[in-house]
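These notes are about the structure you will find just below.
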Amino acid sequence: MQKYSAREVEKKWQEKWKSTNLHTVDLKDFKDKYYNLVMFPYPSGDKLHIGHWYNFGPADSWARYMRMKGKNVFSPMGFDSFGLPAENYAIKTGVPPAESTKKNIEYMKKQLSEMGAMYDWNKTLATSDPDYYKWTQWIFLQLYKNDMAYKKEAPVNWCPSCKTVLANEQVQDGYCERCQSEISKKDLSQWFFKISNYAEKLLDYDELDWPEKTILMQKNWIGKSEGCDIDFPLEDNSEILTCYTTRPDTIFSVTFVVISPEHPLVDEFVKGTRYEEDVRKVRKKINKQTLIERTSEGGKDKIGCFLGKYVINPATKEKTPVYLANFVLMYGTGVVMANAHDQRDFEFARKYNIPLKFVISENGKKIDSKDFEGAYTADGILFDSGKFSGMNNREALPKVIKWLEGINYGRATVNYKLRDWLISRQRYWGAPIPIIYCDKCGEVPVEEDDLPVILPDNVDFSPRSDGKSPLANHEGFKYCKCPKCGRDAEREVDTMDTFVCSSWYFLRYPSSNLKNKPFDNKITNEWLPVDMYIGGPEHACMHLLYARFINMVLHDLGYINFTEPFDKLVHQGMITKDGAKMSKSKGNVVSPDEFVEKYGSDVFRMYLMFMGPFTEGGDWNDSGITGIARFVDKFWNLVNSDPRKVKDKNALKKNLNKLIKKVTEDIEKMHFNTAIAALMEFVNFAGKNGTDKNSKKVITKLIAPLAPHLAEECFDVLDEKYSVADSKWPEYDPKLIVDELITIGVQVNGKVRGEIEVAKDASKEEALEIAKSDENVMKYLSKGKIVKDIYVPGKILGFVVK
RNA sequence: GCCCAGGUGGCGGAAUUGGUAGACGCGCAGGACUUAAAAUCCUGUUCCAGCAAUGGAGUGCGGGUUCGAUUCCCGCCCUGGGCACCA
């Protein structure tokens, strides 16, 4: 017998898997299909790091387990290769993104193949490949043609020193990541997708097997709120200010109305009046504040000014002043009815000496705002509220809405926090937006037959001072002919958010070699939705929401017959180093390569799985990896041991069947750590007891998803048919795992005073008899009188002594 | 501030329809093999007292329910994640 040499063995099997096309999937075989997917990586210069392994390793083990359970498993891998880092690298070094990306992909492919995962490399993709982004552009056109994509002025982050637009990730606490200058906002005309149209549909999670936490995060992000629009007419009746509120029960408390600085009516109100100057000054302050202070802790100062206008409170008929205030956003109607029962309104009123009036108290007795330092936000009984006085405010709430609807001053409304998806990026390394601007015809979509709009490679990357993408520097790209009238025209030079590229890649994998269509209808409808999607929780509100949205749109346009893309979702935990996220800037990135080199891929993968529960992650520490390396050696020795020397055949059989049960159940729950612990326990037992050929075969199968190379080698040694990946997952015999004799604890007054061995179905009398023969138990029983005894078969025997 | 998740030996972590807390692994201590070291194997290892049998304490803190609580309830503290003027 030879010592197990991981590196050689792993290389040998990786080559064999490749030469025998073991991982090539027949997509025409839909029966028992299983689409297993991980969130595809960004091919950065950092290469694969431990976080990738922690995601991909267990995900591959899951795929291998499903395959042995008889599924036709499709487990593809690709690259999310558009994005900012490649472009920044190009600005710094002059290396074109296409070149650095290609190199990074090559290297990562090599690393991934050393991992030994069962990816089908005949069906891969990269989002920066024209064959792929052609269809990303096609999706843009479908949204455009169906009124789901539109252009609008919107602010971008602008660094006045670098003279460039920054992505949100490049802005840190309001300052430029690179030069530390203060960021300002600049208005540019930008493209949006109407995701807000799908807010309600996106809130339907009924069919999804997703983590509760993720659903909750998405729900909060979408932010549905049900309330009421209330009309406040101007005192001269020239205009109506409609306020959105979730608290119409406080209408009698409203003593002023606040309007957002961005609201179009503000200018109309103050134009040519003595309030114009106030508004200008306040807005200037607010504009600064929105960037730095609004996002940081200290930015809770309420500022605003009076607009010289009054509205009539429809409930009290009182003349009510209109203020502009920084804390009012363009959410709902952009106008808020303000009152003493909201902390922000209360603070604002105190600052600007606006009268306040309570209408709710604990018991319905009148209380005075003068006696309070803050708003009364609790629920209670209404007073001074017309016919609603004396009612519980929550019970009154729907009645107030009804009443306002009756007198035609309000109506029930629903609002969402979810805003439309801004997809324009003033960046080079992304999919060009397929739109052409013609002086005569205006905005013209590129013909589908003319796709892809190719991203040119000879581009000057130096940042421009007008906030446009580097593509604006490329005349060959920028100038074109109008597809409609044939006259000189210009292309859109912005590119799409990379999240657009990643919002449909799962649809492309099964059709990745298809030329004339984004995906094959039959294959897509058969293979999707994805059965298992594994990736980081950081994508809960971005990628996962966008992917659901695009999927729903394509469904509603009739391209696919399923509405949700991912049936089951699992998030792996995060791996930190010394308590911090691994990042290049912190210099705490740990590379998997040295460990793979030293211990092999199987050991490294199992160590990551053994660290703790898959969904919890943890802090990286290599101190325990030797334990897994020892285990692999022990396993190998056991498989190579003499099968004739078995001490206790029954115990072997029983433990083996228990092991099958435990490992199966643990893998089903993705509790890989305890599955490995159970295998270790069995190997320790069998090392002492001896083992037979059948046990060796079974444990090899059980470890196959977790350590595929080792298992393949063991199968070979055992003269079993190649490949272990195609062997059937073992089943246990329930009759063989029953213990006839079991050990239970004996408690006296809740404390364990001994343990007894009883038959598994022993009667209470039998158990009591045996317990009373225990000397130590008797010692405590004799201290008083037994007033009660408790027997839970198989669990515990308890006495209460007084 | 709000919403989640979690706090268990020296360390990573097991065990929850309430039933012997600490599986498995790391580390550590002692021993075997060796001229020696590494590797390997064996024994022990929650803390305190004891040669031991055994006793006491113990799952972030303080209460409660129960024969019995890591598990359930109430009130705190801490850590991690998400959201953050959304009316």
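The numbers here are math on the coordinates, done by the rules we state, and not lab data. Everything numeric here is computed off the predicted structure, so don't read it as measured data. As a convention, Cβ positions derive from the backbone with ideal geometry for all residues, glycine included, and neighbour counts pool all protein chains shown.
Structure data summary
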{"item": "Dipole-positive endmost among A:Ala767, A:Tyr780, A:Ile737 within segment A:675-802 (Cβ charges, Cα centre)", "result": "A:Tyr780"}
{"item": "Inter-probe distance in nm under a simple model that places probes 7 Å from Cα toward Cβ, at A:Asn392 and A:Lys12", "result": "7.5"}
{"item": "Residues listed by number, segment A:729-749, amide nitrogen under 11 Å from A:Asn684 label point at 7 Å toward C-beta", "result": "none"}
{"item": "Local electrostatic count, A:Asp249, Cβ distance below 10 Å [Lys/Arg +1, Asp/Glu -1]", "result": "+1"}
{"item": "Rounded FRET efficiency, nearest 0.05, which uses the C-beta distance separating A:Asp619 from A:Lys795 and R0 of 30 Å", "result": "0.25"}
{"item": "DSSP beta bridges in chain A [antiparallel fraction, %, rounded to 5]", "result": "75"}
{"item": "Low-density loop positions, chymotrypsin sites (Phe, Trp or Tyr not before Pro), segment A:561-627 - DSSP coil, at most 16 other Cβ in 10 Å", "result": "A:Phe562"}
{"item": "Trypsin sites (Lys or Arg not before Pro) lying in DSSP loop within segment A:27-77, provided at most 10 other Cβ fall within 10 Å", "result": "A:Lys28, A:Lys31"}
{"item": "Cβ-derived FRET efficiency at R0 22 Å, A:Ile407 paired with A:Ser238, nearest 0.05", "result": "0.60"}
{"item": "Label-reachable residues, segment A:18-35, where backbone N falls under 19 Å from a point 7 Å from A:Asp726's Cα toward its Cβ", "result": "A:18-34"}
{"item": "Directionally averaged projected area (convex hull, Cα atoms, chain A), nm²", "result": "46.8"}
{"item": "Sparsely packed trypsin sites (Lys or Arg not before Pro) within segment A:75-173, loop by DSSP, other Cβ within 10 Å at most 14", "result": "A:Lys163"}
{"item": "Angle in degrees between helix A:130-145 and the longest Cα principal axis of chain A, rounded to the nearest 10", "result": "40"}
{"item": "Principal-axis tilt of helix A:212-222 within chain A, Cα atoms, nearest 10 degrees", "result": "10"}
{"item": "Simple spin-label estimate for A:Glu740 and A:Asp450 in nanometres, 7 Å along Cα-Cβ", "result": "8.5"}
{"item": "Net charge, A:Asn313 excluded, C-beta distance under 12 Å - Lys, Arg +1, Asp, Glu -1", "result": "0"}
{"item": "Principal-axis tilt of helix A:50-68 within chain A, Cα atoms, nearest 10 degrees", "result": "60"}
{"item": "Computed E for A:Glu106/A:Lys802 - FRET, C-beta separation, R0 60 angstrom, nearest 0.05", "result": "0.15"}
